[in-house]
């Protein structure tokens, strides 16, 4: 079959099928099925859409259900309430400044704003501004979708109307509730206001970065004048486009630096690119044509920037910011309480906290409050002057990371580029608090606000160092009766349960030391030992939290190192805690805001001081008395502070502190009226120069005291001292144990006196020392045996009582001799008992000492190698050939001083059982070789005989001369005899000037 026939047959078959209407019936059936399916899904979609819309509407309604619907008058009042500045005051109603002086804003009307600006803002911020009714659903849905899908590309969904609502009526926290309210209010605002009114409000509200002097600015008129030195109505197209681009990121796009000055080319580039983007949108929207667009792009906008002006900074930057922050914190609680929320509600909800912080900031900035502080203007002024003029802080250092030691890199807020932080100065923080009221009278926030805006007095947590010892260690321990100033603690090497072994600053230990001495010398090991007796959760609850140190956790109070100040808290916290001692145990929370009142005089907040008992008056006084020693004792760590005080009679009591690697240095002291602190350190926790770091800080503290005393002498230099409360008694104690003195302790001269809380005076008699007949073997004290020679026994010897050592746990120390480490005088007489008093008798005499040598008039030798030797006997003979050696002394040492006369010596070892060794090698003192005097006399006789024969041959005339010559010879002989006699007398005098020979049996 050919191709033609094939296609013919195929056509005939298809025609037959069509004529039978098979295809038509199948297609109709499929169509109906598909159409029904489509209708089903359309119906489901419509129903689902209504359902979702209903849910959305319901959810929207629930979000705004509790929001009061504002009237036109209320909305107008809120929208046009750009600012009514609140005021800050020193104490005694002394005006300080307006709160918002750091934000410049000049209001203007829309007819005084360049049309280019209006068009640029609409094209950039809200392209549908003229047609929407407050919201753009498409933009909102797009923003919601991006939020739900967590898209990295975010596009704003807010119209200009919504932005006015957000800035003037609502808050700007991120939440669906706030967004829903914003949309509702925006639509309502559009009903009451026309478009020009809304645009005018927006242009007066929005921030525009900084002006040429570095101040923050808001409002179009302020921006035009501050950036280009023209009025808003005179801005040209390029200038308008530049300004219109700023609100998206004011600090990034602004052309000026923080603190005045124009950015460099790299820093200007983001703002210029933003300007080009604004011009492009204006072109797309039809506000400008291609020629205007190109002309604006070619315009030299940089040449129009206003010349940098001297920065108009506040006179009190640290103070103003601190007062504003504290006022905002107070108003947060006030406003929340007015709405029925508690402080606990705020603390448990970040969103709620943020909402009320925004509202409080807005209230402070526009509602004309009068904020009265506790700050004494005159003291504050002299504090700042002292901080500026003090010239001994230490050197500036390149900021380095403490872990890697590499230079620290930070992001430039103006350019977004990473740059090296550079050299940083030593910073300072100080707080002055009135003890009885808690008023913060003054503070030093830092050396220079332009270099560091951190308030180092109130907002920079640092480790406390040894200033923690009184508040977390000794104070609570005395309150609990664990220790008193005269309690004796072993300052020794010891490891605690958390595998922590504290060491002292001096890299040595001090042995048995009183709590008083350990405090004023600032020993670490003693402090940890005391803290170990009281550490745990109860310490936080019963003491630290009551002193305002609520950030310290129960876990931290269980760590042994906590008492050494490893916890980070602020200078304000530390000072406030110390004021508890100055207030005799009553804590009063420090505060800086006295009251806040409206412009009409209505008081919305009034501070009320409340006190809480932390320590008894007795504990507080004992603590103060010990801290006095820090300034007054020669070994006290705060003597430099007192040395620099102009008035040394004031009753100051304080404590120094240093942290690991010398990263912080502290001094805090209290007198009957006030407590003053001083801290120094680098912002990046670098090491302070070790040479004089504490002295520099102590001296600065004293200079603050002197400066404040000149303006407030009755406050800073009270004539009265801390009043000693009842229940304080004086008692004597044994410096070895801290117990009541024993006879042994008294005989040694180790009885001391201190003051005590009458409830915790020592009641037990000292038993730390015992007196027995002792011998010493290899440095260990053992009881003398029946055959132990008396010369090596100390019948009046004093030793630590093994029972006492065991009771105190000292017998388990790795090095028990640390108990008297570095101590002199009577302490050297105390012996250490051996753990085992049994001395085994091997029945043999000890080995002889070896290597006996003579050095000047001192014999030295090596120990006998036997383990039971108690001492050595020294023997002397007149010459080497003599066998008659006489014992001249005994000693338990390996050296002995001998007389100056010639003799020979040897030494014998003596053991615990009285057995004596063979003699050591012999040493000679003096020259025992044969003299040559006889040969010299024979030669002289021969010469004399020859001379005599020659003289007899001379004539009689020379007889007289011969006699004369003989007389001369006779005189010479007499002279020689006198010389010999003088030499003998000289030798005798030398013997008598030397040490006398010891009597038999005496030790050297």
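What the table below lists for this structure:
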read-out	value
Some residue of the stretch 476-484 being buried (at least 23 other Cβ atoms within 10 Å of the Cβ), touching a residue at least 40 places away in the same chain (Cβ under 8 Å) and not in a helix (DSSP H, G or I)	yes
Hits in the stretch 811-828 - residues which are in contact (Cβ under 8 Å) with a residue 24 or more places away in the chain, surrounded by fewer than 17 Cβ atoms within 10 Å (Cβ to Cβ) and under 23 Å from residue 793 (Cα atoms)	825, 826
Hits in the stretch 540-568 - residues which are touching a strand residue (DSSP E or B) at 6+ places or on another chain (Cβ under 7 Å) and either under 18 Å from residue 667 (Cβ atoms) or surrounded by fewer than 21 Cβ atoms within 10 Å (Cβ to Cβ) (or both)	546, 551, 561, 565, 566, 568
Residues (surrounded by fewer than 23 Cβ atoms within 10 Å (Cβ to Cβ) and in a loop (DSSP other than H, G, I, E, B)) located in the stretch 459-475	459, 460, 461
Matching residues, the stretch 569-603, being surrounded by 15 or more Cβ atoms within 10 Å (Cβ to Cβ) and over 24 Å from residue 376 (Cβ atoms)	569, 585
Verdict on residue 538 being in a loop (DSSP other than H, G, I, E, B), more than 21 Å from the chain's Cα centre (by Cα) and modelled with pLDDT of 95 or more	no
Test for residue 533: is it assigned to a loop (DSSP other than H, G, I, E, B) and surrounded by fewer than 23 Cβ atoms within 10 Å (Cβ to Cβ)	yes
Residue 93, sole failed condition from (1) modelled with pLDDT of 85 or more; (2) over 30 Å from residue 599 (Cα atoms); (3) exposed (fewer than 15 other Cβ atoms within 10 Å of the Cβ)	(2)
Exclusive hit being in contact with a strand residue (DSSP E or B) (Cβ under 9 Å, 6 or more places away or on another chain), outside the structural domain of residue 690 (by TED's automatic domain parsing), under 21 Å from residue 703 (Cα atoms) and surrounded by 13 or more Cβ atoms within 10 Å (Cβ to Cβ), set 445, 394	394
Single residue of the stretch 798-807 satisfying the filter (buried (at least 18 other Cβ atoms within 10 Å of the Cβ) and closer than 19 Å to residue 838 by Cβ) that is nearest to the chain's Cα centre (by Cα)	805
Number of positions in the stretch 860-886 that are out of contact with any helix residue (DSSP H, G or I) (no Cβ under 7 Å at 6 or more places or on another chain), surrounded by 15 or more Cβ atoms within 10 Å (Cβ to Cβ) and not in a loop (DSSP other than H, G, I, E, B)	9
Residue identified as assigned to a loop (DSSP other than H, G, I, E, B) and either closer than 27 Å to residue 584 by Cα or touching a strand residue (DSSP E or B) at 6+ places or on another chain (Cβ under 7 Å) (or both) among 752, 771, 721	721
Qualifying residue in the stretch 579-591 (condition: at pLDDT 95 or above, touching a helix residue (DSSP H, G or I) at 6+ places or on another chain (Cβ under 6 Å) and either assigned to a helix (DSSP H, G or I) or not assigned by TED's automatic domain parsing to the domain that holds residue 478 (or both))	yes
Hey, residue 795 farther than 20 Å from residue 823 by Cα, over 49 Å from the mean Cα position of the chain (by Cα) and either modelled with pLDDT of 95 or more or not in a strand (DSSP E or B) (or both) or not	no
Index of the failed condition, residue 376 passing every other in (1) modelled with pLDDT of 95 or more; (2) in the same structural domain as residue 225 (by TED's automatic domain parsing)	(2)
Any pair with Cβ under 9 angstrom, 6 or more apart, that starts in the stretch 226-241 at a residue that is not assigned by TED's automatic domain parsing to the domain that holds residue 257 and ends at one that is in a loop (DSSP other than H, G, I, E, B) and buried (at least 23 other Cβ atoms within 10 Å of the Cβ)	none
Residue in the stretch 752-767 that is at pLDDT below 85, at negative phi and out of contact with any helix residue (DSSP H, G or I) (no Cβ under 8 Å at 6 or more places or on another chain) present	no
Some residue of the stretch 852-859 being out of contact with any strand residue (DSSP E or B) (no Cβ under 8 Å at 6 or more places or on another chain) and either within 30 Å of residue 812 (Cβ to Cβ) or assigned to a strand (DSSP E or B) (or both)	yes
Residues of the stretch 371-387 satisfying the condition of being assigned to a helix (DSSP H, G or I) and touching a residue at least 60 places away in the same chain (Cβ under 8 Å)	377, 378, 379, 380, 382, 383, 384, 385, 386, 387
Complete set of residues in the stretch 278-301 that are surrounded by fewer than 13 Cβ atoms within 10 Å (Cβ to Cβ) and either in a helix (DSSP H, G or I) or in contact (Cβ under 8 Å) with a residue 12 or more places away in the chain (or both)	284, 290, 291, 298
Within the stretch 389-408, tally of residues that are in contact (Cβ under 8 Å) with a residue 12 or more places away in the chain, closer than 22 Å to residue 446 by Cα and not in a loop (DSSP other than H, G, I, E, B)	3
Residue count for the stretch 622-634, restricted to those that are touching a residue at least 40 places away in the same chain (Cβ under 8 Å) and either touching a helix residue (DSSP H, G or I) at 6+ places or on another chain (Cβ under 6 Å) or crowded, with 21+ Cβ neighbours inside 10 Å (or both)	8
Condition met for residue 637 (buried (at least 21 other Cβ atoms within 10 Å of the Cβ) and part of a loop (DSSP other than H, G, I, E, B))	yes
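Quick grid of which residues meet (1) in contact with a strand residue (DSSP E or B) (Cβ under 8 Å, 6 or more places away or on another chain); (2) buried (at least 18 other Cβ atoms within 10 Å of the Cβ); (3) not in a strand (DSSP E or B):
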| site | (1), (2), (3) |
| --- | --- |
| 320 | yes, yes, yes |
| 325 | no, no, yes |
| 336 | no, yes, yes |
| 351 | no, no, yes |
| 355 | no, yes, yes |
| 362 | no, yes, yes |
| 365 | yes, yes, yes |
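The values are calculated or read from the model by the stated rules, or taken from the named source; none is laboratory data. Being a predicted model, the structure only gives us computed values, none of them experimental. Note: ideal-geometry Cβ built from the backbone for every residue, glycine included; neighbour counts use all protein chains shown.
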